[in-house]
Amino acid sequence: MALKLFTRKARGAIAMLPGRPAVRTSPSGRPVSGEYQPAERQALEAEPVQRLYQQHRFGVLVTERHRWAEDEEGRNVCGLAERRLEEEMALVPAGSVSMPTTLEDLPGSPEIDVEVGPFLLAIHTVTNECYQQFVDAGCYDELALWPEAIWPHLIELHDLTGTPGPRYWMDSRHDQRLADHPVVGVSWYEAVAYAKWVGLRLPTEAEWQMAASWRIKSEADVFRRLPWGDAMDYQRCNVWGTGRGAVAPVNAFPSGAAPNGVQQLIGNVWEWTASDFEVSDAKGRVVIGEMPMRSVRGGAYDTYFDTQATASFRTGQILLARAHNTGFRCALNV
Amino acid sequence: MASAPSAQTSTIDCLICGTQNPYEALLCGGCSAPMALIHESVAQQREPRIISIVGESNVGKTVYLGFLLDMLTRRAGDFDAVPKGAYSVNLQQNVITHLSARVFPPKTPMEPDQWYWAYYQVCRKSGSDAWVDLVMPDMAGEALSTEVEVPQTFSVIRNLLGKTEAAIVLVDAALASAGSSRPDFFALKLMTYLDDMFAKRRRQRVKHPIAVVLCKADYCPQCFDDPRGFARTNLNRLWNICENRFENVAFFASSVVGSLGFATGADENVVPVPLHGAPRGVLEPFQWILDQM
């Protein structure tokens, strides 16, 4: 793919400042002030290729462009989709990461070194507005998107009103005031299904750490604890110490971006990864969950300890957890 | 208020239990409260207000209180707080040090002389600039349980609750949501004890503010959506006694651990591991209590 994806320029249509007033959310994730304001349903394009574009399924249009090779309009739409991917994803170069293998994340703790090839990573986490397309398309009933093991549980993946959607939505609609906020209250399965639907995938844990620590192959062998350097800075991310106390729009805190422009790797919401959560404690005992766990990375707006919002901090969530502070971003092979 | 030391005898009365102690004593001979707390109270020339945090063993009193105090000193929400004396900082330091290392702090010992006591001056950043002196002890759950079952066993608890202006009652929502009746029964016993302590007359309902906090609510997210509804359904005995005997009760949901793992080894012991900290609903009960006091 001929994408111009490596840039130091800040991206995103609107530069959000950390001081922008937050839409206050309750601990359950719902806006505190006023009535729930459901987003309006969007009329869909009749033409399938146009509809794919409208639904932000750019990954499908680019990776399956051969389907429209004979169709001029289809080729044009695929070209547009490629440009959108260029805008919305950034290249993470090849490198290596050292991941702690125990709960301790201190210098000298046991680590495993993992080589990571180049890949594309979304600049922002998936927003409520984007995820709405997935819900509106009836994907919760589209069994092909979900692993067979989860089929019996699909009926439990509903919102506050019992209709399909993330945990904190109502009547399968997001609150329109939170359209540009990360979608939260989604299980790992929902994250994977969405990524598959748009033609992308979740990053592995090592890929996520590579993007956040920026340990690219170079003589300098730089390793960053945080995308912007080594010291916590509350102006650059949304964690408990920032004092915001709520999820922020996906393009807030632009100064905390990684060198390639990927934003909010630290703070705002934990991010699901594709990897199993596998660590042991200081005594070598394997740490497991009540159910199988997947790795989540980066910390969230309510992460209390700064040491738990770093590039290398490893933690996990059970697969079916639909937490108020966990979202995801997508990746794509180069 | 604790009386000023007498020049002739160099003694000082404990503000919790009233025991007369030598001025140079480190702990009260009657209730084991740190004498530094009594000295501080005398220096302030005003009696501190006591908020008690009570609940069953293993419900998470130490973790809740440690997080609350740490958040207050980090100026969370609308609060500013100053610990009075190093002994007051020990509890929050213990909790924060352990949890940031992903280990739960050790259980509070039964012996009152080993309990943590916290004496804080707290004020709201907005509105009134008046500082309130608050004493919040971290009682052992087993000791509290024993005192509730057999009153007068732990006089320190009885004296303390006798002076308490408001209580934060912690209940294990995770156990309750799993169908166990134990949290409901313990809370019921505790509320009858508090009723006995607080009610001025039998026919009157208790006026002390009581914040019922449904702990470990990350296990049952519906707690956060509707704590009252959760209590009414899953802690019905507690709910009923609150309605019958307590005039000023509010229900809250709280959790401090974002994700819980379990370390399992060859010895087959299973050790819970707090994988990351994500406190929710910790400040709200305290804020409500202060509003009511």
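Can you name the residue in region B:106-118 that is in a helix (DSSP H, G or I) and in contact (Cβ under 8 Å) with a residue 12 or more places away in the chain and is also surrounded by the most Cβ atoms within 10 Å (Cβ to Cβ) among such residues?
B:Pro112
Checking the condition among the charged types (D, E, K, R) and over 20 Å from B:Ala263 (Cα atoms), which residue from A:Arg294, A:Arg244 passes?
Matching residue, one of A:Arg294, A:Arg244: A:Arg244.
Does at least one position in region B:198-206 carry a residue that is at pLDDT 90 or above and assigned to a strand (DSSP E or B)?
no
For region B:54-72, does any single residue satisfy the condition of being out of contact with any Gly (no Cβ under 7 Å at 6 or more places or on another chain), assigned to a strand (DSSP E or B), on the phi < 0 side of the Ramachandran plot and at pLDDT below 90?
No, region B:54-72 contains no residue that is out of contact with any Gly (no Cβ under 7 Å at 6 or more places or on another chain), assigned to a strand (DSSP E or B), on the phi < 0 side of the Ramachandran plot and at pLDDT below 90.
Select the strands (runs of 3 or more DSSP E) contained entirely in region B:211-293, then report the ones holding at least 3 residues which are out of contact with any Pro (no Cβ under 8 Å at 6 or more places or on another chain) and closer than 30 Å to B:Val132 by Cα.
In region B:211-293, B:270-280 are the strands (runs of 3 or more DSSP E) which contain 3 or more residues that are out of contact with any Pro (no Cβ under 8 Å at 6 or more places or on another chain) and closer than 30 Å to B:Val132 by Cα.
Take region B:281-293 and flag every residue that is crowded, with 22+ Cβ neighbours inside 10 Å and over 15 Å from the mean Cα position of the chain (by Cα).
Hits for region B:281-293: nothing passes.
Which pairs have Cβ atoms under 7 Å, sit 6 or more apart or on different chains, and link a residue in region A:94-106 that is more than 10 Å from chain B (Cβ to nearest Cβ) and more than 19 Å from A:Val286 (Cα to Cα) to one that is of a type in the set (A, V, I, L, M) and in a strand (DSSP E or B)?
Cβ pairs passing all conditions: A:Ala94/A:Val116; A:Gly95/A:Val116; A:Gly95/A:Ile216; A:Ser96/A:Val114; A:Ser96/A:Val116; A:Val97/A:Val114; A:Val97/A:Val116.
If A:His56 satisfies every condition in (1) part of a loop (DSSP other than H, G, I, E, B); (2) surrounded by fewer than 18 Cβ atoms within 10 Å (Cβ to Cβ) but one, which is the exception?
(2)
Would you confirm, using the coordinates I've provided, whether B:Val103 is on the phi < 0 side of the Ramachandran plot, surrounded by fewer than 21 Cβ atoms within 10 Å (Cβ to Cβ), aliphatic (A, V, I, L, M) and assigned to a helix (DSSP H, G or I)?
Against the criterion (on the phi < 0 side of the Ramachandran plot, surrounded by fewer than 21 Cβ atoms within 10 Å (Cβ to Cβ), aliphatic (A, V, I, L, M) and assigned to a helix (DSSP H, G or I)), B:Val103 does not qualify.
Counting only residues that are within 29 Å of B:Thr19 (Cβ to Cβ) and surrounded by 21 or more Cβ atoms within 10 Å (Cβ to Cβ), how many does region B:165-181 have?
The total comes to 5.
State which residue is farthest from the other protein chains (Cβ to nearest Cβ) when the search covers only region B:74-88 and only residues that are touching a residue at least 24 places away in the same chain (Cβ under 8 Å) and in a helix (DSSP H, G or I).
B:Tyr87
Determine which member of the set B:Cys17, B:Cys28 is farther than 30 Å from B:Glu284 by Cβ and modelled with pLDDT of 85 or more.
Every option except B:Cys28 fails the conditions.
Of the conditions (1) touching a residue at least 60 places away in the same chain (Cβ under 8 Å); (2) over 9 Å from B:Ala253 (Cβ atoms); (3) touching a Leu at 6+ places or on another chain (Cβ under 8 Å), B:Cys215 clears all except one; give me its number.
(2)
Residues A:Leu106, A:Leu91: which one is over 15 Å from the mean Cα position of the chain (by Cα), closer than 21 Å to A:Phe277 by Cα and surrounded by fewer than 22 Cβ atoms within 10 Å (Cβ to Cβ)?
A:Leu106
Does A:Gly229 satisfy the criteria of being of a type outside the set (A, V, I, L, M, F, W, C), in the same structural domain as A:Glu129 (by TED's automatic domain parsing) and surrounded by fewer than 22 Cβ atoms within 10 Å (Cβ to Cβ)?
yes
So, restricting to strands (runs of 3 or more DSSP E) that lie completely within region A:228-334, which ones have at least 1 residues that are more than 12 Å from every other protein chain (Cβ to nearest Cβ) and touching a residue at least 40 places away in the same chain (Cβ under 8 Å)?
Of the strands (runs of 3 or more DSSP E) lying wholly inside region A:228-334, those with at least 1 residues that are more than 12 Å from every other protein chain (Cβ to nearest Cβ) and touching a residue at least 40 places away in the same chain (Cβ under 8 Å) span A:270-276, A:331-333.
Based on what the data block shows, is B:Gly265 within 12 Å of chain A (Cβ to nearest Cβ), touching a residue at least 24 places away in the same chain (Cβ under 8 Å), small (Gly, Ala, Ser) and out of contact with any Cys (no Cβ under 8 Å at 6 or more places or on another chain)?
In short, no.
Checking the conditions here, which among A:Asn238, A:Asn251 is buried (at least 17 other Cβ atoms within 10 Å of the Cβ) and over 30 Å from A:Arg51 (Cα atoms)?
The match here is A:Asn238.
Looking at region B:108-163, which of its residues are acidic (Asp, Glu) and within 13 Å of the chain's Cα centre (by Cα)?
B:Asp138
Pick out, from region A:60-163, the strands (runs of 3 or more DSSP E) lying fully within it that include 1 or more residues that are at pLDDT below 95.
Answer list for region A:60-163: A:95-100, A:111-116.
Mind listing whichever residues of region A:151-172 are buried (at least 19 other Cβ atoms within 10 Å of the Cβ) and under 17 Å from B:Cys220 (Cα atoms)?
A:Leu157, A:Asp159, A:Leu160, A:Pro166, A:Arg167, A:Tyr168
The values are calculated or read from the model by the stated rules, or taken from the named source; none is laboratory data. Since the model is a prediction, treat every value here as computed from it, not as a measurement. So basically every Cβ, Gly included, is an ideal-geometry build from the backbone, and we count neighbours across all protein chains shown.
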